[in-house]
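Trainee: Below are the structure tokens for one structure; questions will follow.
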Amino acid sequence: MRATIVWLLAMGYLTVLPARAQDMRLADILIDGQDWELVAEGFAFTEGPAVDRKGTLYFTDVFRGKIYRLNDQGKAEVFVEQSFGTNGLMFGPDGRLYGCQNGKKRIVAYDSAGKDTPIAEDVKSNDLVVNRQGGIYFTDPENQQIWYVSPKGEKRVVERGLGYANGIALSPDQGTLVVADMKGFNLWAYRVEPDGGLKFKQPYYTMRCPSGKIDSGADGIKIDAAGRVYATSHLGLQVLDPDGRYCGLITKPPNAWLANVVFAGPALDTMYVTCTNKVFKRKVNAKGLRYFDPAG
């Protein structure tokens, strides 16, 4: 076994990770006395939470075709009046807000005034992630695919065959891509290649499923600065450590569909979730990731 591990390290299939505690307990993330707090309500279906350089939260009301952000008073205000059903959102290194604009079958980038520019056209999408170089990965659940758009705007399919590719995130070093299969039990991990391709697909994270369900319902996912994965699901917000072990379950704010999660605020230590027609937050002992921030 030792010889095999040495060979895998030498070939670049494995990465030596920094030392960390043996256990990453859910109790180390949650703060005593802190619970979910309502931020905004009255929407049709909230999704796509994203955070900018200032820590400001943005999110979509998919069915009503609007994008919102929280102002300095913590109130939701319209950022984009007509988003054509934009779902997944994420800020890129150029400061623009990238989105899955399903109503027009394209990936777009919104500038500071909310004006959109097409990045990739004639594609179906659900969620996306933008790396430090400006490369974009996005899921296409209807066609069971993952797409990659290079910083030069060249698009190609880099993975096929997931049951329902949904949420998507990168590891802290951006060397591993994690994708949620909504119709399965696992979150899948891939090694990111220099050309944007994906290799060594593994069902690295195993989700919990409620009694009577045949899938986890994994939807939106995010990874924090310590490498923990947070995945919304039928049961609630499931947390797994960088080694794929289960940390625990954070219960839903109300008993409604939990679509997505992000860390926002100036210190990236406030967790926000989109939950059907509402948005909630809670302070935590964890720090989020922004992929456009400088490495290390």
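The values are calculated or read from the model by the stated rules, or taken from the named source; none is laboratory data. Here the structure is a predicted model, which means the values were calculated and not measured. All Cβ positions, even for glycine, are placed from backbone atoms using ideal geometry, and neighbour counts span all protein chains on display. Surface areas here come from the heavy atoms of the whole protein model, side chains and all, with no ligands, DNA or RNA. Shrake-Rupley method; radii C 1.70, N 1.55, O 1.52, S 1.80 Å.
Trainee: For region 34-189, what is the accessible area per residue in Å² when the probe is 1.4 Å?
Mentor: Value returned for region 34-189: 42 Å² of accessible area per residue.
Trainee: P(r) of the chain in 10 Å steps, Cα pairs, percent per bin?
Mentor: Spelled out bin by bin, the chain gives 6, 30, 38, 21, 4, 1 percent.
Trainee: Please turn the phi angles of region 128-135 into ³J(HN,Hα) values with the Karplus equation 6.51 cos²θ - 1.76 cosθ + 1.60 (θ = phi - 60°), one per residue in order, whole Hz, x for glycine and proline.
Mentor: Listing the rounded values in order: 8, 9, 10, 8, 5, 8, x, x Hz.
Trainee: Okay, next question. How large is the charge dipole for region 150-296, taken about the Cα centre, if only the Cβ atoms of Lys, Arg (+1) and Asp, Glu (-1) carry charge, to the nearest 20 debye?
Mentor: I would put it at about 340 debye.
Trainee: To continue, here is another question. Whenever you get a sec, compute what percent of the accessible area on the chain sits on carbon and sulfur atoms (1.4 Å probe).
Mentor: 50 percent
Trainee: Additional query: What is the log10 of I(q)/I(0) for region 113-223, computed with the Debye formula using one identical point scatterer on each Cα and no solvent, at q = 0.13, 0.21, 0.23 Å⁻¹?
Mentor: -0.47, -1.12, -1.31
Trainee: Using 10 Å bins from zero, what percent of all Cα-Cα pairs in region 201-294 falls into each bin?
Mentor: With a bin width of 10 Å, the distribution comes to 17, 49, 29, 5, 0.
Trainee: For the chain, what is the relative contact order in percent, using Cα pairs closer than 8 Å and at least 6 residues apart in sequence?
Mentor: Working: 786 pairs, mean separation 48.0, N = 296.
It comes to 16 percent, rounded to a whole number.
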